[in-house]
Amino acid sequence: MERRHLPKTLYFGMIAALGAYLALAPQVGMRITPHFILLQLMALAISFNLIAGYVRYVSFGHVAFFGIGAYVTAVLVWRMGLPPLLCVFVGGLGAALAAAVVGIPTLRLRGTYFAIATIALNEAIKGSILILPDEVAGGARGIPQPSIYDPLTSYYVLLIITIGSLIAMHFLMSSRMGLRFRSIGEDEAAASAMGINTVGVKLLGFMISAFLAGLVGGMNFWYTTYVEPVSAFNIRLSIAMMAMALLGGLGTLFG
């Protein structure tokens, strides 16, 4: 199984080179927005790769956790005036909590059934926001907060999150928990027979994956200073992160 991963030195060398380029890009006059979008897609692909590439549960509605993170961040900034960075972190926790609540029943499903369940979750949350009073979550008009506009700071925070996620993923997948993730992905029945608590391990992977997606959603709100339900829960973003993970190689660290 180790043959699927890059040598450790090469892996960290590539991360260092990528991080240096992305850190210097705004300083040499390159546009921030395209690089922010790249970082956003990278982090989402890492998130998706954990649950789909290693645990082998394809979450077609994974954008739901991006949207939850964006909305939790937006509401906290809007209603409580908290610092954006703190709100982003809480947004990630909110997405992880949602994954825990939804994952307990849905992770007992397999294949197409699980994928459909995650799409249903995404549409249910989007629909709920649209029918709630505007005073609660902004309704169809969304939540604008131009006062927090700080593109350079939010760009570098997302850079830290993305590079940190690549490093953390290496150590996670090199750990005993990572071995459990891969075991479930290879043969869930055999993993269960070996004494692995497959439901608990899958739930943990789902929550970690959702936490990262929620952080990215919160960062998207901080960078754009606006969120509305149609774009925050747009299934095309799920397709984009799936495509990026597939092109890089599902179940590979730098994929």
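None of the figures in this text is laboratory data; all of them are computed from the coordinates on show. This one's a predicted model, so the numbers in the text were calculated from it and none came from an experiment. For neighbour counting, all protein chains shown are included, and Cβ atoms are generated from backbone atoms with ideal geometry for every residue, glycine included.
The spacing between the range 124-151 and the range 18-33, judged by their C-alpha centroids, is 31 Å. Each 10 Å bin from zero up to the one holding the largest Cα-Cα distance in the range 96-137 carries the following percent of pairs: 26, 44, 23, 6. The distance from the alpha carbon centre of the range 182-255 to that of the range 96-111 is 12 Å, rounded to a whole number.
Of the trypsin sites (Lys or Arg not before Pro) found in the range 39-121, the ones in coil according to DSSP and having at most 16 other Cβ atoms within 10 Å of their Cβ are ARG108, ARG110. Counting only Cα atoms, the size of the range 1-144 along its three principal axes is 51, 44, 22 Å, in decreasing order. Remark: ILE160, ILE46, ILE235 ranked as ILE160, ILE235, ILE46, counting other beta-carbon atoms within 10 Å and listing the fewest first. When the charge dipole of the range 58-246 is built from unit charges on Cβ atoms (+1 for Lys and Arg, -1 for Asp and Glu) and taken about the Cα centre, the candidate among LEU109, MET207, GLY217 whose Cα reaches farthest toward its positive end is LEU109. Projected label points at PHE12 and LEU179, each 7 Å from Cα along the beta carbon direction, are separated by 2.2 nanometres. Computed over the Cα atoms of the range 58-246, the ratio of the radius of gyration to the Kirkwood radius (Rg/Rh) comes to 1.00.
Each of LYS126, LYS8 was scored by other Cβ atoms within 10 Å of its Cβ. Listed from fewest to most, they are LYS8, LYS126.
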